[in-house]
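Trainee: Before anything else, here's the structure in question.
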């Protein structure tokens, strides 16, 4: 296990552009990636599907947010992101 294999990165703005590129690169480098989103969960869920199994969703709001219909992504509790 490399140094990055035991680290977690929280990335915002992952539905497109720089945030998406950063999340994908971190995942390729072995990081567990927590994707943060506010609003529609579908773009964030699509990014989780693209990146892979070491990726979690973290809604940016105080109440629980739904995942997209048919989603296999697993929302994570805020504290789970820092374990």
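The values are calculated or read from the model by the stated rules, or taken from the named source; none is laboratory data. Fair warning: this is a prediction, and the values are worked out from it, not measured in the lab. Every residue, glycine as well, gets a Cβ built from its backbone with ideal geometry; the counts of neighbours run over all protein chains shown.
Trainee: Give just the number: which of (1) modelled with pLDDT of 80 or more; (2) surrounded by 13 or more Cβ atoms within 10 Å (Cβ to Cβ); (3) in a helix (DSSP H, G or I) does residue 18 not satisfy?
Mentor: Residue 18 satisfies every listed condition except (2).
Trainee: Consider residue 53 against the criteria (1) surrounded by 14 or more Cβ atoms within 10 Å (Cβ to Cβ); (2) modelled with pLDDT of 85 or more: it satisfies all of them except one. Which criterion is unmet?
Mentor: It fails just one condition, (1).
Trainee: Additional query: Just give me the residues in the stretch 21-50 being crowded, with 18+ Cβ neighbours inside 10 Å, in a helix (DSSP H, G or I) and modelled with pLDDT of 90 or more, in sequence order.
Mentor: Hits for the stretch 21-50 are 23, 24, 26, 27.
Trainee: Scan the stretch 33-56 and report the pairs whose first residue is free of Cβ contacts under 8 Å to residues at least 60 places away in the same chain and on the phi < 0 side of the Ramachandran plot and whose second residue is part of a loop (DSSP other than H, G, I, E, B) and buried (at least 22 other Cβ atoms within 10 Å of the Cβ), with Cβ atoms within less than 7 Å and a gap of 6+ or a chain change.
Mentor: Correct list of pairs: 35/14; 44/14; 47/14.
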